[in-house]
Amino acid sequence: MNIVKGVTYRCKYNVGSPSCDLYGDFIVDCSGGNSSSTKWLNEGFDLIVPTEQMYYGCGSVTFIGERFKTGDPMIDSITMGGCTVNVPTRNTGMHVSPMRTIKTANENSSGILSALICHCVNSEFPPNDSYENLLEWTKTHLPSEYYVMLKSTKVLGPLVPYRRAINQRKFLKSLGNKWPQNYILLGDALYTFNPQYGQGMTHPCRLVREFNKIFNTNYHQLKDISYIFNRRASSISEECWLISTANDWKIPTLKVIRM
Ligand SMILES: Cc1cc2nc3c(=O)[nH]c(=O)nc-3n(C[C@H](O)[C@H](O)[C@H](O)COP(=O)(O)OP(=O)(O)OC[C@H]3O[C@@H](n4cnc5c(N)ncnc54)[C@H](O)[C@@H]3O)c2cc1C
């Protein structure tokens with residue numbers, strides 16, 4: 001029978017620490033986009049999970065900064081906002097959001113600590129080696145008002161790069177009864193999405209609501225729950241997938257891998 005007995009865990013900070021087995025009647029795997037589930041399901045259950053990955057050259061540089069007046073009231077009034085990627089004409093964008101107010105004697109300061117992100121698709125990556133180089137990139141890759149905004153921003157922390165986001169989906173519904181009867185995937189472990197469209201949190205929230213409905217219905221047996229969930233999750237996930245990937249098909253260097 002396809003049953004997952006539980007999880008084995010050990011402290012990852014102490015190399016060689018002993019592992020412990022934790023048993024459970026029903027296992028919810030929410031270990032994120034790097035979930036090892038496909039690997040051990042293949043090794044332990046001889047199960048090949050059909051998977052699709054879309055690589056669209058996503059990258060970002062995030063940092064915290066204090067914004068100062070630019071002299072342009074329109075730009076200074078944007079406390080939260082930015083410009084989105086609009087493929088294939090513009091493959092780069094930026095976003096600013098306020099984090100908290102700060103005490104300052106400088107009358108040119110906005111008095112707000114902001115989180116700023118410059119991002120791209122199509123591998124047109126913003127540099128993170130220096131703020132000067134990031135500003136140069138901004139000059140040529142973003143509308144001029146965002147260059148002016150960033151030029152008047154004092155960076156207060158590291159420029160943090162991230163280049164690993166992909167769209168990825170696993171087709172569990174098609175596996176039917178071959179899928180373990182007491183085990184489900186949730187969140188990024190099941191689907192990951194282009195962050196630009198904000199489905200990463202919405203998707204697991206919708207799935208959990210559905211899961212809760214199934215669990216609270218008294219007439220389902222535990223052994224049927226993962227199959228019912230996989231069927232219902234499939235249509236929710238596909239909605240989020242369509243929203244998140246439709247534009248990515250226009251990206252010139254898009255690479256799709258089906259396994
Ligand atoms: C740059 C970027 C920006 C994003 N912006 C947005 C946004 O604006 N809006 C939005 O909705 N979504 C956004 N997302 C997506 C969102 O962050 C994810 O969809 C969401 O975090 C998925 O949650 P999760 O719990 O499934 O996975 P995760 O948040 O990845 O959590 C999984 C957790 O499991 C832990 N874990 C993994 N393996 C093990 C193990 N073996 N033992 C113990 N623990 C383990 C990991 O350490 C991690 O803490 C963004 C993603 C990225 C990369």
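The values are calculated or read from the model by the stated rules, or taken from the named source; none is laboratory data. Quantities reported herein were computed from a predicted structural model and do not represent experimental measurements. Every residue, glycine among them, receives a Cβ derived from its backbone with ideal geometry; neighbour counts consider all protein chains shown. Accessible surface is based on the protein model in full, side chains and every heavy atom, while ligands, DNA and RNA are left aside. Shrake-Rupley method; radii C 1.70, N 1.55, O 1.52, S 1.80 Å.
Within the stretch 212-227, which residues are over 26 Å from the mean Cα position of the chain (by Cα), farther than 17 Å from residue 1 by Cβ and open to solvent by 10 Å² or more (accessible area, probe 1.4 Å)?
215, 216, 217, 218, 219, 220
Quick one: which residue in 61, 28 is assigned to a strand (DSSP E or B), within 13 Å of the ligand (Cβ to nearest atom), under 23 Å from the mean Cα position of the chain (by Cα) and over 30 Å from residue 146 (Cα atoms)?
Going through 61, 28 in turn, just one is assigned to a strand (DSSP E or B), within 13 Å of the ligand (Cβ to nearest atom), under 23 Å from the mean Cα position of the chain (by Cα) and over 30 Å from residue 146 (Cα atoms): 28.
Suppose we keep only residues that are under 21 Å from residue 25 (Cβ atoms) and not hydrophobic (A, V, I, L, M, F, W, C) within the stretch 160-186. Which one would you say is modelled with the lowest pLDDT?
Ranking the qualifying residues of the stretch 160-186, first place goes to 177.
Got at least one residue in the stretch 180-193 being more than 22 Å from residue 53 (Cβ to Cβ), within 12 Å of the ligand (Cβ to nearest atom) and either under 9 Å from the mean Cα position of the chain (by Cα) or not in a loop (DSSP other than H, G, I, E, B) (or both)?
Among the residues of the stretch 180-193, not one is more than 22 Å from residue 53 (Cβ to Cβ), within 12 Å of the ligand (Cβ to nearest atom) and either under 9 Å from the mean Cα position of the chain (by Cα) or not in a loop (DSSP other than H, G, I, E, B) (or both), which makes the answer no.
Results for (1) closer than 28 Å to residue 212 by Cα; (2) surrounded by 12 or more Cβ atoms within 10 Å (Cβ to Cβ), shown as yes or no for each residue.
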| position | (1), (2) |
| --- | --- |
| 8 | yes, no |
| 14 | no, no |
| 43 | no, no |
| 51 | yes, yes |
| 62 | no, yes |
| 71 | no, no |
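Name, by its number, the condition in (1) under 20 Å from the mean Cα position of the chain (by Cα); (2) not in a loop (DSSP other than H, G, I, E, B) that does not hold for residue 124.
(2)
Can you find a residue in the stretch 97-118 that is open to solvent by less than 60 Å² (accessible area, probe 1.4 Å) and among the acidic types (Asp, Glu)?
no
Return only the number of the condition from (1) over 25 Å from the mean Cα position of the chain (by Cα); (2) over 24 Å from residue 88 (Cβ atoms) that residue 145 does not satisfy.
Result: residue 145 passes all but (2).
Under 7 Å between Cβ atoms, which residue pairs at least 6 apart in sequence (or on different chains) link something in the stretch 17-40 that is assigned by TED's automatic domain parsing to the domain that holds residue 187 with a partner that is away from the ligand (no atom under 12 Å from the Cβ) and among the charged types (D, E, K, R)?
Correct list of pairs: 23/5.
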